[in-house]
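Since the structure comes first, as structure tokens, the remarks are kept for the end.
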Amino acid sequence: MQVVPDVISGGLRVLFCGINPGMMSAATGHHFAKPGNRFWPALHLSGFTPRQLQPAEQAELLSYRLGITNVVDRPSARADELTRAEYVAGGENLVSKVLEYQPEWLAVVGVTAYRDAFGERTAKMGKQDRMIGATRVWILPNPSGLNAHYTLPKIAAAFSELEVLTAARS
């Protein structure tokens, strides 16, 4: 059983996919729950949501045709505690979810997680050639506070690229 349940349904514009639940998310049952995680601010600043949602309001994402899942269900304090086998199994599970729910886009937050889950060692941020059924794939920066390479404005700008593209097609 998932410690942090998916927020998912059919008809999604974007299914966001985190790496795995952190300890705060595991404790609360809400995605991206750790203070300092920049997912919720980036989602709002990029235009995906009209206001900044709190982790406890994650179910509201469905009203915007957005959802959240994770590559790996097992919680950990840091993503580097996960094994390659967990990423590969998680990637297979993710493909099954995407084929079942058929979102327009799958947005993986974390290029390393994407590379490990799908065995694409040279994948870069942005639109991918890979499709899962009819679902297109995009890689976004990891919004964790531990990802010092990306500031909130840079993360929001990356999210905004996808928002503009998906809004134009909706």
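The values are calculated or read from the model by the stated rules, or taken from the named source; none is laboratory data. Just so it is clear, the structure is predicted and the values come from calculations on it, not from any experiment. For neighbour counting, all protein chains shown are included, and Cβ atoms are generated from backbone atoms with ideal geometry for every residue, glycine included. We work out accessible area using only protein heavy atoms, side chains counted, and drop any ligands, DNA or RNA first. Shrake-Rupley method; radii C 1.70, N 1.55, O 1.52, S 1.80 Å.
Of all DSSP beta bridges confined to the chain, the antiparallel ones make up roughly 25%. Between Ala168 and Gln54, the FRET efficiency estimated from the beta carbon spacing at R0 = 45 angstrom works out to 0.95. The dipole here belongs to the chain: it is taken about the Cα centre, uses +1 on the Cβ of Lys and Arg and -1 on the Cβ of Asp and Glu, and is about 380 debye.
So how much slack lies between Lys154 and Arg121, counting 0.36 nm per residue of separation and subtracting their Cα-Cα distance, in nm?
Here the segment from Lys154 to Arg121 would lengthen by 9.6 nm.
Solvent exposure of the range 14-168, expressed per residue, is 45 Å² of accessible area, with all protein chains present and a 1.4 angstrom probe.
Among the trypsin sites (Lys or Arg not before Pro) in the range 15-74, those placed in a DSSP loop whose Cβ has at most 15 other Cβ atoms within 10 Å are Arg51. Projecting the Cα atoms of His149, Val109, Pro55 onto the charge dipole of the range 14-168, computed from C-beta unit charges around the Cα centre, puts His149 farthest toward the positive end.
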